[in-house]
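See structure below.
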Amino acid sequence: MQPGIDLALRTEALESLLLERGLADTKTIETFIGIYETQVGPMNGAKVVAKAWTDPEYKARLLAEGTAAIAELGFKGPQGEHMVVLENTPAVHHVVVCTLCSCYPWPVLGLPPSWYKDSAYRSRVVREPRAVLAEWGTVLGDDVEVKVVDSSSEVRYFVLPERPAGTESLSEEELAALVTRDNMVGVTKVSTGVAAP
Ligand code: FE
C-alpha cells in the first residue's frame, strides 16, 4: 500500500465498497475500531513494562518467551502470535521498524501510528538510526550500541525500555502511566517529566 495523505480517503472508499458488497457490516467495523481505541493499545504494553520493572522473575520470562509472558497479563490476539521483547539498557538501545510495511505487535501497542508506516521512517532509521533518534530527542552517546530490529509477519518486536532513575518509590500502576507507545517502539526513552539534575 502506498502511504500518504490520502490514506483516510482510501480507507473510506474501501469501507464503502465492503459495505456495498455485503462483505462487512457497519456494526462489526465499529466494534473493531472501538476495541482498538479503548481496549487494545499502548496501555497494555505499559502494563507489561511496569510489571517487568517490578518483578524480576516476570522480566526473565518476558525476555525469554515474550508471547507467553505477555499472554499471562491477558494480552494476545492477531498480529501478536510471535512477539519478541528486547531490553534497552545503558549499553544497548533497540529501535523497531518494519522495513517492508508496518508489522507491529497489536496486542501490546494497538494499531501502528502513521509515522511508523511512513516510507521515510522505514528507510532512514536503518541507514541513519542515530540521526532519526536525535530528531525524536533521543540523543545517544557513542558508547551506546544502537540496534535496529526489523519486525515482520514472523516476528513482532517490542522494546522493554529502561526504567528511569528516581522512580524507586512508584507503584506498578504509577510506573505504567509513565510509559508511552514511542518508548516501546524505541524511538524515545521513558521520561518522568522531571528534568535531570
Ligand atoms: Fe510489515
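The values are calculated or read from the model by the stated rules, or taken from the named source; none is laboratory data. Since this is a predicted model, take the numbers as computed values, not measurements. Heads up, the Cβs are rebuilt from the backbone with ideal geometry, glycines too, and the neighbour counts pull from every protein chain shown. Keep in mind that these areas ignore ligands, DNA and RNA; they rest on the heavy atoms of the full protein, side chains included. Shrake-Rupley method; radii C 1.70, N 1.55, O 1.52, S 1.80 Å.
Close amide H pairs (under 5 Å, H built 1.01 Å from N) link K147 with H93, H94, V95, residues at least 5 positions away or on another chain. Computed per residue of the chain from DSSP H runs no shorter than four, each worth -39500 (n - 2.57), the mean residue ellipticity at 222 nm is -12500 deg cm²/dmol.
Residues L170, L133 ordered from highest to lowest accessible area at a 1.4 Å probe: L170, L133. So what's the net charge close to E30: Lys and Arg +1, Asp and Glu -1, counting the other residues with Cβ under 11 Å from its Cβ? Here the charged neighbours net out to -2. Accessible surface for the chain, divided over its residues, is 57 Å² per residue with a 1.4 Å probe.
Between S191 and C101, the contour length at 0.36 nm per residue exceeds the Cα-Cα span by 29.5 nm. Given R0 = 25 Å, the distance between the Cβ atoms of L7 and Y36 translates into a calculated FRET efficiency of 0.95. How much of the accessible area of the chain, probe 1.4 Å, is carbon plus sulfur, in whole percent? C and S atoms contribute 56 percent here. A simple packing score, the average count of other Cβ atoms within 10 Å per residue, orders the peptides 58-64, 156-162, 26-32, 73-79 as 156-162, 58-64, 73-79, 26-32, with the highest score first. In sequence order, the range 60-70 has phi-based couplings of 5, 5, 4, 6, 7, 9, x, 4, 5, 5, 5 Hz under the Karplus curve 6.51 cos²θ - 1.76 cosθ + 1.60, θ = phi - 60°, and Gly or Pro positions carry x. Could you tell me whether the range 52-107 comes out rounded, prolate or oblate from its Cα gyration tensor? Rule is a ≥ b ≥ c as square roots of the eigenvalues, rounded for a/c under 1.5, then prolate if a/b exceeds b/c, otherwise oblate. It is oblate, given that a/c is not under 1.5 and a/b is not larger than b/c.
For a label point 7 Å from the Cα of E173 along Cα→C-beta, name the residues of the range 29-68 whose backbone N is under 18 Å from it. From the range 29-68, the list is 43-55.
Gain on full extension, evaluated as 0.36 nm per residue between L140 and A91 minus their Cα-Cα distance, stands at 16.7 nm. Per-residue surface analysis assigns D150 an accessible area of about 70 Å², computed on protein heavy atoms at 1.4 Å probe radius. How high is the relative contact order of the chain, in percent, counting Cα pairs under 8 Å that sit 6 or more residues apart? Computed over the chain, the figure is 25 percent.
At a Cβ-Cβ separation cutoff of 4.7 angstrom, cysteine residues of the chain with no neighbouring cysteine are C101. Compare the Cα positions of A176, Q39, W115 along the charge dipole of the chain (+1 at Cβ of Lys, Arg; -1 at Cβ of Asp, Glu; about the Cα centre) and return the one farthest towards the positive end. Farthest along the dipole direction, towards plus: W115. Comparing A24, A134, A69 in a Gaussian network model of the chain (Cα springs below 10 Å), the most mobile by mean-square fluctuation is A24.
For the range 165-179, the Karplus equation 6.51 cos²θ - 1.76 cosθ + 1.60, evaluated at θ = phi - 60°, returns couplings of 5, x, 10, 4, 8, 7, 6, 4, 5, 5, 5, 4, 5, 7, 8 Hz by residue, with Gly and Pro reported as x.
Summing +1 for each Lys or Arg and -1 for each Asp or Glu among the other residues whose beta-carbon sits under 12 angstrom from that of E15 gives -2.
On alpha-carbon atoms, Rg over Rh for the range 42-185 using Kirkwood Rh?
0.95
Residues considered: W106, W53, W136. Largest GNM mean-square fluctuation over the chain, using C-alpha springs under 10 Å, is found at W136.
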